[in-house]
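**Student:** Starting off with a structure, shown below.
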Amino acid sequence: MRGDTNLRINDYLAAFKLISDNLYSVAYVCDSNYTILAVSQKFLDEFLIKSEKEVLGKPFYKCKVPSLEWYSKNHAVLEKQFQEASRENKVYITLDILDYEQISKMYIVHKSPRILCGGITVFHVYLRPFGLPRLEDIIYYTHELDLYSRPLNTVKYKLTPKQRMVLFLFLRNYSYSEISGWMSAFGLQMSSARVTEHLTTLKNIFGAKNSNDLRTLAIQYGYHSEMPAGFLPNGAYCIENHLTEIKGQNDYPLLLSDINIGYKYLPNELISLSSEVVIFDDQRLNESLESKLFQSFYTSSSEMAGLFNKDGKVLLVTIKMVNELSRNFTNLQEIIIQNHPRLSGSEPNIFLDVQISGKIYLLQMQLLGSYVHIQIRKYVMPTVHRLMIEVFNIFPMPKISLPEHMRVTNRQHQVLFFYARNYSYSKVATILTELGYPISPHTINEHLETLKTMFNVTNKSQLIDIALVIGYALIPHSILKHQVCKLVNTDIHKWIC
């Protein structure tokens, strides 16, 4: 069992409170009876809880707080997940779906068991708000193109549940008939004519001149990333076998062996492993409050985290962070020095790091007393179309057979990446041209016809299935801009585990 049996529970809870509030984490700690021992301030804010006194000392399912009713309804499932996490000594990762008014709020939830002094078992649980990914936004953001979606502004327009559903599908570039088909797949009958009526009404609500204008305005207000209530059933769903690391592809031609199909098991780096905290400084640091709390929180943690001074000097880090620093973050000192003067203790400071190798990371950098506290995460995220197939059973598994001799060029991969997002030929041409790779819709069509022949398919649906396999997790590195940039006014950080 993961943990430090010499760590007293009060020390751990104090460390949890400081670190979780410092990182603006939606998190809590409970014991083996699911009694709540500590909650972060962000958890209280997220669930509209006025005071921690309303939840401390009792399980959530016994709390008389309206926003926590979901925990009562799903108590049996949650209890089973806690037991499995404890029995298998691992971080148990789920997608939790909670309907709130007209929206399905989604969270990636990590349940991590720890044993403290006296054999006391506690569970550290943190919830990362999850928005449906729009991976092309990573490209747009690094190129400073004003095409990326913004955080949802729910108060901008009042929409009916059906209007939200139609708009959600429309923003995924489906035709009117395809929207009708998707509504049927989710168990909601709607004719193409009725879809047209809804979209006409939506254009009037948004003040849009046409369909393209509606799409632009709705994405600007973040409607793309919310899941309307009614599409997916509420619950807590294990997603450990449905995670994919998103990265840039450098080597071409792209071979079948290079492709991550998207349903492999959880990467080893996210499984609960015993770890230690390594100190690189003198006794003065070791005796500081920040150091003691950092060690209490991260001892035997699988997180990549560390404390640094304002000059970027490493003071103490987890073992996993040591390994990562030596391989992929030789420039971290420069990043700290550049950004330290602008760090704010009143809001999250999250940076997107797109590396020359094609790897993508998120860095969360906060002030912790006089030190810089950094947590690093690989860009690992749920494979949404696999979840729809294998967890929610929305549509059947596509029958795809990729030829072993397949050779996809860089240019073909660029086209497939955007085609997998259901963009039209002209839109793909416009985007690639804006990214510095001029191309005409006619040439886009030629590439897709060549790919159809290569894959031995005849229609759009079959080619999109293949494009999802090839273009979902691998981003053509040629259209990614290698840099470290602070994430502002975007939900890119909400798409990963």
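**Student:** For S192, S296, what ranking results if the residue with the fewest other Cβ atoms within 10 Å of its Cβ goes first?
**Tutor:** S192, S296
**Student:** Let me ask something additional. If you put +1 on each Lys and Arg Cβ and -1 on each Asp and Glu Cβ, how big is the dipole of region 9-130 around its Cα centre, in Debye rounded to 20?
**Tutor:** With only Lys, Arg, Asp and Glu charged at Cβ, the dipole is about 160 debye.
**Student:** Run through the DSSP bridge list for the chain and note the antiparallel percent, rounded to the nearest 5.
**Tutor:** Beta bridges within the chain, antiparallel portion: roughly 95 percent.
**Student:** Over the chain, calculate the relative contact order: mean separation of alpha carbon pairs under 8 Å at least 6 apart, over the residue count, as a percent.
**Tutor:** This gives 17 percent for the chain.
**Student:** Exposed loop sites here are GluC sites (Glu not before Pro) in DSSP loop states with at most 12 other C-beta atoms within 10 Å. What is the longest stretch of the chain lacking them?
**Tutor:** Within the chain, the longest run free of exposed GluC sites (Glu not before Pro) spans 145-286.
**Student:** When a footprinting reagent is the concern and you count Cβ atoms within 10 Å, what order do F417, F280 take, fewest first?
**Tutor:** Lowest to highest Cβ neighbour count: F280, F417.
**Student:** Follow-up. Of K209/K481; K42/K494; K162/K452; K17/K494; K292/K320, which ones are farther than 24 Å apart at the Cα?
**Tutor:** Over 24 Å apart, Cα to Cα: K209/K481; K162/K452.
**Student:** Using the basic label-point model (7 angstrom from Cα toward the beta carbon), what is the K460 to N250 distance in nanometres?
**Tutor:** So the two model labels end up 3.7 nm from each other.
**Student:** Something else about it: In region 36-104, which trypsin sites (Lys or Arg not before Pro) fall in coil by DSSP and have 10 or fewer other Cβ atoms within 10 Å?
**Tutor:** K50, K64
**Student:** Note down the magnitude of the dipole of the chain about its Cα centre, charges +1 on Lys and Arg C-beta and -1 on Asp and Glu C-beta and zero elsewhere, to the nearest 20 debye.
**Tutor:** 840 debye
**Student:** Under 14 Å from the Cβ of V65, count the other residues' Cβ atoms, weight Lys and Arg +1, Asp and Glu -1, and hand me the total.
**Tutor:** Residues near V65 contribute +1 overall.
**Student:** Which value, in debye to the nearest 20, gives the size of the charge dipole of region 58-138 about its Cα centre, when Lys and Arg are +1 and Asp and Glu are -1 at the Cβ?
**Tutor:** 400 debye
**Student:** Which is farthest toward the positive dipole end of region 1-153 among A85, Y100, T35, measuring Cα position about the Cα centre, with Cβ charges +1 (Lys, Arg) and -1 (Asp, Glu)?
**Tutor:** Farthest along the dipole direction, towards plus: T35.
**Student:** Within 10 Å of each residue's Cβ, count the other Cβ atoms and sort I36, I115 from fewest upward.
**Tutor:** The fewest-first ordering by Cβ neighbours comes to I115, I36.
**Student:** Net charge near L188: determine it from the other residues with C-beta under 13 Å of the C-beta of L188, scoring Lys and Arg +1 and Asp and Glu -1.
**Tutor:** Result for the local shell: +3.
**Student:** Which of I444, S461, P403 sits farthest toward the positive end of the charge dipole of region 398-472, with +1 on the Cβ of Lys and Arg and -1 on the Cβ of Asp and Glu?
**Tutor:** Most positive-ward Cα: S461.
**Student:** Per DSSP H run of at least 4 residues, take -39500 (n - 2.57); add these up for the chain, divide by its residues and hand me the 222 nm value, nearest 500 deg cm²/dmol.
**Tutor:** -10500 deg cm²/dmol
**Student:** Count the net charge of all other residues whose Cβ sits under 12 Å from the Cβ of Y141, scoring Lys and Arg as +1 and Asp and Glu as -1.
**Tutor:** Net charge around Y141: -1.
Where a number appears in this text, it was derived from the coordinates with a stated rule and is not lab data. Computed from a prediction, not measured in an experiment: that's the story for all the values here. Note: ideal-geometry Cβ built from the backbone for every residue, glycine included; neighbour counts use all protein chains shown.
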